[in-house]
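Report on one structure; see the data block that follows.
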Protein chains: 4
Amino acid sequence: MDEVRRPGRPRDSARHEAILEAVREVLLRDGYAGLTMEKVAAAAGVGKPTVYRRWSSKATLVADAVLHSFLAAAPEIAPAGGRQQHATDTGTSTGTSTSTSTSTSTSTSTSTSHQMTVWFRAYATSVGDPHHAAMILALIAAAAESPHDARNLYEHHTRAQYEIIVDCLRSGVTSGEFRADADLEAVADALIGSVLYQLLTRTGHPPPRRAEHLLDVLLTGLRTPDHRP
Amino acid sequence: MDEVRRPGRPRDSARHEAILEAVREVLLRDGYAGLTMEKVAAAAGVGKPTVYRRWSSKATLVADAVLHSFLAAAPEIAPAGGRQQHATDTGTSTGTSTSTSTSTSTSTSTSTSHQMTVWFRAYATSVGDPHHAAMILALIAAAAESPHDARNLYEHHTRAQYEIIVDCLRSGVTSGEFRADADLEAVADALIGSVLYQLLTRTGHPPPRRAEHLLDVLLTGLRTPDHRP
Amino acid sequence: MDEVRRPGRPRDSARHEAILEAVREVLLRDGYAGLTMEKVAAAAGVGKPTVYRRWSSKATLVADAVLHSFLAAAPEIAPAGGRQQHATDTGTSTGTSTSTSTSTSTSTSTSTSHQMTVWFRAYATSVGDPHHAAMILALIAAAAESPHDARNLYEHHTRAQYEIIVDCLRSGVTSGEFRADADLEAVADALIGSVLYQLLTRTGHPPPRRAEHLLDVLLTGLRTPDHRP
Amino acid sequence: MDEVRRPGRPRDSARHEAILEAVREVLLRDGYAGLTMEKVAAAAGVGKPTVYRRWSSKATLVADAVLHSFLAAAPEIAPAGGRQQHATDTGTSTGTSTSTSTSTSTSTSTSTSHQMTVWFRAYATSVGDPHHAAMILALIAAAAESPHDARNLYEHHTRAQYEIIVDCLRSGVTSGEFRADADLEAVADALIGSVLYQLLTRTGHPPPRRAEHLLDVLLTGLRTPDHRP
DNA sequence: GAGTAACCGAGACGGTACGTCATGTCTTTAG
DNA sequence: CTAAAGACATGACGTACCGTCTCGGTTACTC
């Protein structure tokens, strides 16, 4: 907020984006192992110190590049609604959620499952895209290679999205659609982890409709008895 | 099958194990990123060519080392029974499996859920061990870094264990405990993926009892209506 | 001529001399065969790339090191006079150069022979010194090992000295002391070649006074009849 | 002479020549620096230990290979006559060597210079041949690289030829053609050294007729006054 | 508008590790 | 005991990157 004005020539923000773009370019071509700071600098038309001045390690650089592009585009495929709506939804969804639902309540009674389905399908599809797959694999590699560096970044950058998912699930609980005692974060971990695991072990050959099938089991397990089919 | 005797001095199998042991030693000390072929060779008391003669890349070497130690020890924590029993179980589990399933009942009606619970708790605990965590992170790093190399190894080496889990689940279907239409592999992916995702993002600070909570939801989602509590 | 300033950090000229000095040090200790780029880099307190950045091969490096030290010091033992004087000598030496050449005479009649004698004795003595012998053997090894590399360097660096010798002989021709039809370069080759051949085949055990004896025959063969004793 | 019959399988003498031939083949293709024991063994269709069993170092192996081929063929270009004749010549050549020469004496009075000329021209020509040049360069490289190894070999293998030349010159002294006080070995060194020096510095571009020109000066310098033109 | 301070590109620097090759020894099977 | 084959420990090869530094030069704030 205070943003101290330091003396001297300010950093050129155009370089910033050029470097991140170069990272994504190299990542697609050579993968995480094949990415070097020198290649990135060269591809960005920038000197090495300019890169190091802004990112102290390959892991943080890659994390930034991936999260600012892929995940910055990903919110669009976050569960419809998310945080903001959840507040308003709270009041409307009564415990019973039977037939006496208003025009909006009918939608909410099923909408959480539906929202999750829509979101997860989009998420899984997105991860299936080779470009995105390369980005996520890079992120995984960065995290796995240097757990210390990556812990911060991972949590720091992905927390927002993660919480959107959990909030979405929570709105299902509030509406009575889901069991109140369910561990929603466990479900979120399973959803994301499942996709990442498939990415690691079956890149390029994802089993069809696996995402829907998993959701089917999970949502059934989450639902309160009177919401089950 | 008859193992043709090739000319020349045969490879010293003692080196093989020495190298794999050295990999695990270095992995624990320095992590995947800090592991170099030179360190491994030195730690194993072996020349670099002896390493390269057997493993062409860091990824395959690490994968072998991890899978031959951790996962060779892991089968002990596979779901009790597994393949063999699944055949015998088939006959015993009648569709009825009435309501009289007490806590001590050895009946099949709860055994699959129970087996899964026992296994998954052991699995999650095992992954929580720092030694094992380091090994698995290395495996993930290897797979993420060079998808091509790792795909073969991953699938090749982990398929057996993976199928044991799926078989266990399938015996639950056969016994009528689980829904026949469930995608068991999706469930297996979610279980394993969930643990790996937590390992990546929360190493050292695993949320307590998350594993049980996930299983709770999944098993509930899997059960046939008359098996639900 | 104006030395274009190239971009980037300029090369540190101190490293240059440090490396050449290291080469000479290693050469004395281990000989040409025992000299490795790694030893040189280590002895110079320098990274290997810094060596390779300046010299692409062991042969060129050794040639530079030897020629910039030994031969840079050697001009002092070039035939007294050399190029510059040769022009002035021309006028002084009259064709007659009568019989009155005593031992102390500064006359031109004996000066060329004398100059050659003084130079060649010094040259042979210099080559007899173990330090110099090691340097020259290294130069020979470099030249013999990679004829292509060495041709350039050899010709490039030794041409100056070689021509001083030939010029000295030529002044003897001009003064009438030597036959006009003699192949002076053949004589220079024989003088140098003779010493090198002895170095190769009798290192450490040079036959005494061989240099004088050779010169005796060669100068006699060069002299015009009325200059012969 | 005694040739103790040792137990076990005797060495296959065919390998010996195969290895030497392989050395020459590799030497022509890759030069001395590019010759390795492994290449030689492979080219000879032989195991490395078989090579090491017979030659303990690259230098000795190369020396043997070169001297047993090139120099074994070279004696044919030794000065006609050589040792044997020198004994018979002794008696015939009287000190005066004036006009009172017999039918054979006229021939001997000039034949030494002639013999030397014929030999040296052949020698220089032979060294000009690329195959021979490569061999001799290899020999020089071996000698320069490891003076210790090479001293023995050089002296050991080339002494015979060297003495033939000196003997030839000595017969010129005996016949009165050459000065009695000349250092014949100095002359031999100059002849051989001159050729080697040119080989080192001007491979492929030998100055024409340099050999004759050198001999001209040397023989003139060697001749007794009444033999001079 | 002159300082000044941080930026920029380029690239040299001391290092570390790479993956390959050659060394000379040793071990195996075969003759 | 020799032979071919080839594994072995060792160590140098020449290259690629690392992360830091030093250049000449630029750009923007501050006096």
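Here are the numbers for this structure:
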| quantity | calculated |
| --- | --- |
| Residue match in the range A:8-30 (condition: within 7 Å of DNA strand E (Cβ to nearest atom), open to solvent by 50 Å² or more (accessible area, probe 1.4 Å) and closer than 29 Å to A:Pro130 by Cα) | yes |
| Within the range D:37-53, considering residues that are in contact with a Lys or Arg (Cβ under 8 Å, 6 or more places away or on another chain) and of a type in the set (Val, Ile, Thr), the one nearest to DNA strand E (Cβ to nearest atom) | D:Thr50 |
| Meets criteria (assigned to a helix (DSSP H, G or I), at pLDDT below 95 and either away from DNA strand E (no atom under 16 Å from the Cβ) or within 14 Å of chain D (Cβ to nearest Cβ) (or both)) for C:Ala65 | yes |
| Of all residues making up the range C:32-61, the number that are open to solvent by 20 Å² or more (accessible area, probe 1.4 Å), in contact (Cβ under 8 Å) with a residue 40 or more places away in the chain and of a type in the set (Gly, Ala, Ser) | 2 |
| Filter pass, A:His205 being farther than 29 Å from B:Ala33 by Cα and out of contact with any Gly (no Cβ under 9 Å at 6 or more places or on another chain) | no |
| From the options C:Leu222, C:Leu196, C:Leu218, residue that is open to solvent by less than 20 Å² (accessible area, probe 1.4 Å), assigned by the TED database to the domain that holds C:His68 and at pLDDT 95 or above | C:Leu218 |
| Residue within the range C:196-206 that is under 14 Å from the mean Cα position of the chain (by Cα), within 8 Å of chain D (Cβ to nearest Cβ) and assigned to a helix (DSSP H, G or I) present | yes |
| Residue that is surrounded by the most Cβ atoms within 10 Å (Cβ to Cβ), among those in the range D:167-179 that are part of a helix (DSSP H, G or I) and small (Gly, Ala, Ser) | D:Gly172 |
| Residues located in the range C:1-46, provided they are out of contact with any Leu (no Cβ under 9 Å at 6 or more places or on another chain), within 14 Å of chain D (Cβ to nearest Cβ) and within 11 Å of DNA strand F (Cβ to nearest atom) | C:Asp30, C:Ala33, C:Thr36 |
| One residue from D:Ala190, D:Ala141, D:Ala182 being open to solvent by less than 50 Å² (accessible area, probe 1.4 Å), facing chain C (nearest Cβ under 9 Å) and without any contact (Cβ under 8 Å) to a residue 40 or more places away in the chain | D:Ala190 |
| Tally, over the range D:109-138, of residues that are crowded, with 16+ Cβ neighbours inside 10 Å and in contact (Cβ under 8 Å) with a residue 60 or more places away in the chain | 17 |
| Exclusive hit being assigned to a helix (DSSP H, G or I) and at pLDDT 90 or above, set B:Ala150, B:Ala144 | B:Ala144 |
| Pair list, Cβ under 7 Å, 6 or more apart: the range B:211-229 residue facing chain A (nearest Cβ under 8 Å), other residue part of a loop (DSSP other than H, G, I, E, B) | B:His213/A:Asp183; B:Leu214/A:Asp183; B:Val217/A:Ala182; B:Thr220/B:Arg228; B:Leu222/B:Arg179; B:Leu222/B:Ala182 |
| Any hit, the range D:153-166, residues being at pLDDT below 95, open to solvent by less than 10 Å² (accessible area, probe 1.4 Å) and not in a strand (DSSP E or B) | yes |
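The values are calculated or read from the model by the stated rules, or taken from the named source; none is laboratory data. Since we're looking at a predicted model, the values are computed, not measured. Heads up, the Cβs are rebuilt from the backbone with ideal geometry, glycines too, and the neighbour counts pull from every protein chain shown. In case anyone asks, the SASA skips ligands and DNA or RNA and just uses the protein heavy atoms, side chains included. Shrake-Rupley method; radii C 1.70, N 1.55, O 1.52, S 1.80 Å.
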